[in-house]
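Please read the structure below before turning to the comments.
The values are calculated or read from the model by the stated rules, or taken from the named source; none is laboratory data. All values derive from a computational prediction rather than experimental measurement. Neighbour counts are summed over all protein chains in view; Cβ atoms, including those assigned to glycine, are modelled from backbone coordinates with ideal geometry. To get the accessible areas, we keep the full protein, side chains included, count just its heavy atoms, and leave off ligands, DNA and RNA. Shrake-Rupley method; radii C 1.70, N 1.55, O 1.52, S 1.80 Å.
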Amino acid sequence: PPLANLRGRCARSHARGHGMASPSRRQAAPNNLLRRRNTGAWQALDDPNVAATSRRLAQRCLELDVTLAKGLVVAAVLGGLTAVTGVYIAINCDFLSDLRFGHCRGLSLSDRSRCCGGSENVNVTSGRCIPPSVANVTSAEGMIDWVPWEEVSSVPFLLYLTVTVTFSVAAAVVLAAFAPAAKGSGIPDVKAAVSGFAINQSFSSMCLLVKALGLSMVVGAGLSVGKEGPLIHIGVCWAHVLRHSSIGLVSSLAEAVPMHEVVCIGAAAGVATAFGAPVGGVLFAVEELGSVRALSQRALLLAFAGSFTASFVLKSWNLYGSNQLTFFKLATPTNSPSKEWKTWEIFFFLILGILGGLVGALFVKFNLAFGRKRRRCLEVGRTWLLPQPFHSYIIDKLPRRCLSSYSPPAHDEAKVQGLTSSSVHALEAVLISVATASVNYSFTYLLRRPMVEVIHALFESCPNALGSSLSLCDEQATHGFANSMELQVTLLIAATVRFCETAVTFGAMLPSGLFIPSLYIGAVLGRLMGLWIMTFNQHFEMTAPLNPSVFAMVGAVAVLSGFARMTVSLVVIMLELTGEVNYAVPFMCAVLSAKLVGDSFTQSIYDGVATVLGYAAIEDPPEGTRLSASVGDVALVCSRSEVLDVSGPVRVEVLKAALSLEMEEGVEEHESSNGDEATVPLRVLPSASSSSSSGSNGSRGKALDVLVLVAGPRRQVRGLVRREALLRWLGQHRAAEASLCRFLPVDATEFGRAGHEFADETPRSQALDAQELVEGGFRRLFACAPVLTAVCAFREFPELSYCVCQGEDGGLSVLSRQRLEWALHEGRFAACFREEPFSFAEASAAPAPAPDGGGRHGFLWRLWRRRPRGGGGSAGGGGVGEAAVGRPMRDVF
């Protein structure tokens, strides 16, 4: 329960002086799940038991407060470390990225923005710094200034290529030598860790160091990768480092929170650091990680705290120099008339969503195919990017220490000479970096410039300086947007080239994320569609204003959804990224359509990579199969005779039938004083449920010891009657079988209503009043409710003894406190049940598992199969189908 509610209960119990349950009662419930917090009885304030109880309650609340405080400290530290690492990576990426275009004179190891004193002092057209307007400055000599490579070398492309290849190869070599698990985005590893896979090598301290260093190099080198996805992996690496720290204080704090919750905190902090989206980080943990494992309220609270801390550190650092959390903050206000979207544009947003889903599905197909080919070639020591003749030529030129012998798939063939795995990864990095640098530098500025700047320019409305430097804006045009055929072709080429580069690069021995490349592709395609619609608008002389930058944002979120198949968290991240709250509906439309279209063709790229890495896809079980127990699996099904309609008085013979009564042998009948039918002492016959349930499992809690009372046309449950109490009551009143019993008040039983079979036979005064036997303190539950609901109900209400469960077909079942305690003690919730009414009476024929949970099938030792069509069952609907015991699980599924 929430901490506030628990504190309130503790405070109320302390004030009222409620006592605790006895030790024997606490021992009856396994793991103290059904511990009674109070007896519900008023006690004197000076009672020593009250003082002891108050101390225990205060100690319990203090323990919870301390645990939560430790978790908050861990979340704050984790968010701060993740944010500092993100700042370090961002500074390195900016420096290495700008190093491809020039250097800072007078201030070494500085990127262009810091060299010029801030991004607002950069002339984006010339690439130089805007000189300061100081009157006493007469010469430019000795001033700090940014110098492009065009002014230093006659062949600036060689410097551009050198920087790209050097840092790409260095990243590949470092990863292959020290931490191969640091490649890729790491999101599949994060989801697998939350699911329960033990992959500590993917989150070690060495993996953290290599990931941060390699990510700085590959993003700065200008490859078609992003740093946002790997930052999520880095946040989780920090979580593992804190958890397994050798510092006693740190490890003790981290151990107070379960491992999967610490992973969620790190993931949320990583998203907040990558995008400057704190709320999006929490929703990412809920959507992506909560889909594979349920998250508690404490986990969400701690993820919220970690995300907040990371965002606060970024805000304090002022990384982008504009006092903003994100680089994509747009200059044009969101309420500007030029940025308003019309309702008829939703049709084009839907088209963009469909296009994003198709592009995402195509990317998944290509990338997984390239990955399979990459693995096949790596097994024989060659790179998949070169044909065999070139590969043989390279082998002849390389030194022997770079070569190795491999056994081909056909074992009868001789061994072949190939490259070592490190050499293969380095060669692949060389080929990818050379191809990327050559194509990007030669085609257009849209590919040559950093992707983040291009995306920002595509999102911005015209006119703006950054868009003009990329030929996206034209001051001579009517709306300020350039719309030439040359620009449209350039946009189409840029999207195609970036798509191919990303498909080839993602999966290599390099840290690589997909968020920024997918946003780039989608923004370019969206801007292109916006230009087409604007041309159509101008051709038909439509006066409604249209902003192509809106379509760029919608296209970006659509393609990203097609790649990652995220929905809610993606929309919130995009809203926080751009600050455009007005576009929530277009974003939702594009994301929804992209996900539906993409899922109809392929799985998400992260699920596909997880399958390649050997992680099982965590998804919903087959239809009709549940892997968690519900209340209906434990409750005892009521037969027809155990459900009494008490809308009117009930005959004693009906009660005897329900109680399975008969006359004792050897006892003579005695005439009643009023001449009615003779009454005799009664005894209870063994019921079918109790006899069939006796055996190795014992009979405790197996027999249904109550009768369910229903009334009204809808057969609403009005109360319960214990068998023993009813039997004792019948014996005391020596009631004849023709006598009538009334269980509800006269005004509630609708005595004398039309059509009642007893309305004209017996007056009200002759019906025996049995209202004292009715127990109304029960809870109504659905049979499909989780067992946790029943556990909490019995725990919170110590006076509660029974829960009546109603199935979808209207059938009733009863769950008692003793029955639930017995089921928890017997471990009945470690089984996989089909969607069939469950009865322990029929399950007793199956062999019990070993006490240690062993056996050939482990804890999945019983799987109840769906009953064949036309199969029979018990009268109460409590039958189960054929038990698949002793069969391999692969055959059952």
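Subtract the Cα-Cα distance of SER484 and VAL84 from 0.36 nm times their separation in residues, and report this length gain in nm to one decimal.
Using 0.36 nm per residue and subtracting the Cα-Cα distance, I get 139.6 nm.
ILE346 versus VAL430, label points 7 Å from Cα toward the beta carbon: distance in nm?
5.6
What nm distance separates the two modelled labels at VAL612 and ARG626, each placed 7 Å from Cα along Cα→Cβ?
Here the modelled spin labels are 3.9 nm apart.
Can you give the accessible area of VAL286, probe radius 1.4 Å, in Å² rounded to 10?
60
Calculate, for ASN200 and ASP65, the FRET efficiency according to 1/(1 + (r/R0)^6) with r their C-beta to C-beta distance and R0 25 Å; round to the nearest 0.05. All intermediate terms of the calculation are to be shown ahead of the outcome.
Details: r = 31 Å, r/R0 = 1.24.
Efficiency at R0 = 25 Å is approximately 0.20.
In nm², what is the average projected area of the convex hull enclosing the Cα atoms of the range 558-664?
Working: hull surface 60.5 nm².
Convex hull of Cα atoms, orientation-averaged projection: 15.1 nm².
How large is ³J(HN,Hα), in whole Hz, for each residue of the range 183-200 in order, when computed from phi with the Karplus curve 6.51 cos²θ - 1.76 cosθ + 1.60 and θ = phi - 60°, using x for Gly and Pro?
Rounded to whole hertz, the list is 6, x, 8, x, 5, x, 5, 5, 5, 5, 5, 5, 5, x, 6, 8, 10, 5.
Please list 3J(HN,Hα) in residue order for the range 120-126, calculated via the Karplus relation 6.51 cos²θ - 1.76 cosθ + 1.60 where θ = phi - 60°; whole Hz, with x for glycine and proline.
Rounded to whole hertz, the list is 6, 9, 9, 8, 5, 6, 8.
For the range 612-659, would you read off the P(r) tail past 11 Å as a percentage of all alpha carbon pairs?
80
From the backbone phi of the range 281-288, what are the Karplus-calculated ³J(HN,Hα) couplings (6.51 cos²θ - 1.76 cosθ + 1.60, θ = phi - 60°) in whole Hz, Gly and Pro given as x?
Each residue's phi maps through the Karplus curve to give x, 5, 5, 4, 5, 5, 6, 7 Hz.
Evaluate the distance, in nm, between pseudo-label points positioned 7 Å from the Cα of THR420 and of THR567 along their respective Cα→Cβ axes.
5.0
Tell me which residues come under 5 Å, amide H to amide H, from ARG718 once H is placed; ignore anything under 5 positions away on its chain.
LEU709, VAL710, ALA711
Assuming R0 = 41 Å, what is the FRET efficiency of THR166 and TRP317, from their Cβ-Cβ distance, to the nearest 0.05?
0.90
Can you list residues whose amide H is under 5 Å from GLY513's amide H, if they're 5+ apart or on another chain and H is modeled 1.01 Å from N?
Placed amide hydrogens put GLY226 under 5 Å from GLY513.
Round to the nearest 0.05 the FRET efficiency obtained for SER251 and LEU158 when R0 = 56 Å and r is the Cβ-Cβ distance.
With R0 = 56 Å, the Cβ-Cβ based efficiency is 0.65.
Whose amide H sits under 5 Å from the amide H of PHE481, counting only residues 5 or more places off or on another chain, with H placed in the peptide plane?
ASP474
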